[in-house]
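The structure's right below; bear with me while I get my questions together.
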Amino acid sequence: MARRYDSRTTIFSPEGRLYQVEYAMEAISHAGTVIGILSKDGIVLAAERQATSALLEQSVGSEKIYEMNDNVVAGVAGLTADANILINQSRMIAQRYLLRYGSPIPVEQLVRRLCDLKQGYTQFGGLRPFGVSFLCAGWDSAFGFQLYQSDPAGNYSSWKAACIGENSGNAQSILKQ
């Protein structure tokens, strides 16, 4: 039954679901775990790099934590190629803001602009949603340290502690304690 509704990103199933977004979420649930914890003095962002093969050289692997700007870093879970595209876009957004206003972009504004781009890919035909989720950690003068989580649908939210990737449900329950 799902086969009739999963060929396009703009077609909703009778239950109101976008299967392409759910497939992107599934890709994230098989990726390495990324955990972020916010405190008054800073943010801890840790990522697990999964070995895809015993033959793969560990020192030449894909990154899991990227610098988006001088004041924002992001941990990613999901498809690395999609993450690279979005990281480059976020760097361009941050640099345009810096050039125009002469100060670093506020953390939430960068996350919102990135999520607007991600949401657009769920709205137009011929495009598939990005199969990547971000934990964005940063600091700005207005709100101090901040931690945001985003998903492939373009939703984002602020957290004190969050986890994405494989076994994120178990890690989230431990963080609640």
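The values are calculated or read from the model by the stated rules, or taken from the named source; none is laboratory data. Keep in mind that this is a model prediction, so the values were computed, not measured. Cβ placement follows ideal geometry from the backbone for every residue including glycine, while neighbour counts extend to all protein chains displayed. We work out accessible area using only protein heavy atoms, side chains counted, and drop any ligands, DNA or RNA first. Shrake-Rupley method; radii C 1.70, N 1.55, O 1.52, S 1.80 Å.
Looking at ARG100, ARG113, ARG96, which one is under 22 Å from LYS64 (Cα atoms) and either free of Cβ contacts under 8 Å to residues at least 24 places away in the same chain or of a type in the set (D, E, K, R) (or both)?
Numbers: ARG100 fails: under 22 Å from LYS64 (Cα atoms); ARG96 fails: under 22 Å from LYS64 (Cα atoms).
Going through ARG100, ARG113, ARG96 in turn, the sole match is ARG113.
To keep it simple, each residue is scored yes or no on (1) open to solvent by 40 Å² or more (accessible area, probe 1.4 Å); (2) in contact with a helix residue (DSSP H, G or I) (Cβ under 7 Å, 6 or more places away or on another chain); (3) in a strand (DSSP E or B).
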position: GLY36; (1), (2), (3): no, no, yes
position: LEU45; (1), (2), (3): no, no, yes
position: ALA54; (1), (2), (3): yes, no, no
position: TYR66; (1), (2), (3): no, yes, yes
position: ILE85; (1), (2), (3): yes, no, no
position: VAL111; (1), (2), (3): no, no, no
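Listed here are the residues, each with its yes/no results for (1) out of contact with any helix residue (DSSP H, G or I) (no Cβ under 8 Å at 6 or more places or on another chain); (2) outside any loop (DSSP other than H, G, I, E, B); (3) closer than 21 Å to ALA24 by Cα.
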{"site": "CYS115", "(1), (2), (3)": "yes, yes, yes"}
{"site": "LYS118", "(1), (2), (3)": "no, yes, yes"}
{"site": "PHE124", "(1), (2), (3)": "yes, no, yes"}
{"site": "PRO129", "(1), (2), (3)": "no, no, yes"}
{"site": "CYS136", "(1), (2), (3)": "no, yes, yes"}
{"site": "LEU147", "(1), (2), (3)": "yes, yes, no"}
{"site": "SER157", "(1), (2), (3)": "yes, yes, yes"}
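Return the residues of segment 117-151 that are farther than 22 Å from ALA46 by Cβ and buried (at least 22 other Cβ atoms within 10 Å of the Cβ); say none if nothing qualifies.
LYS118, PRO129, PHE130
Ok, one more. Can you pull out every residue in segment 123-149 that is among the hydroxyl-bearing types (Ser, Thr, Tyr) and either farther than 21 Å from ALA94 by Cβ or touching a Leu at 6+ places or on another chain (Cβ under 7 Å) (or both)?
none
Also: Of all residues in segment 66-87, which are closer than 15 Å to CYS136 by Cβ and either free of Cβ contacts under 8 Å to residues at least 24 places away in the same chain or of a type in the set (Gly, Ala, Ser) (or both)?
TYR66, GLU67, ALA74, GLY75, ALA77, GLY78, ALA83, ILE87
I've got another one for you. Across segment 87-109, which residue is least open to solvent (accessible area, probe 1.4 Å) among those that are out of contact with any strand residue (DSSP E or B) (no Cβ under 6 Å at 6 or more places or on another chain), part of a helix (DSSP H, G or I) and hydrophobic (A, V, I, L, M, F, W, C)?
ILE93
Now a separate question. For SER168, which of the numbered conditions (1) of a type in the set (Gly, Ala, Ser); (2) over 17 Å from the mean Cα position of the chain (by Cα); (3) at pLDDT below 95 fails to hold?
(2)
Something else now. For segment 159-177, give me the residue count where each residue is basic (Lys, Arg) and assigned to a helix (DSSP H, G or I).
Counting residues in segment 159-177 that are basic (Lys, Arg) and assigned to a helix (DSSP H, G or I) gives 1.
Still on this structure, please answer the following. Go through segment 96-109 and give me each residue that's out of contact with any helix residue (DSSP H, G or I) (no Cβ under 9 Å at 6 or more places or on another chain) and either under 22 Å from LEU18 (Cα atoms) or not β-branched (Val, Ile, Thr) (or both). Full working, then the answer.
First, the residues of segment 96-109 that are out of contact with any helix residue (DSSP H, G or I) (no Cβ under 9 Å at 6 or more places or on another chain): 96, 98-102, 107-108.
Those that are out of contact with any helix residue (DSSP H, G or I) (no Cβ under 9 Å at 6 or more places or on another chain) and either under 22 Å from LEU18 (Cα atoms) or not β-branched (Val, Ile, Thr) (or both): ARG96, LEU98, LEU99, ARG100, TYR101, GLY102, GLU108.
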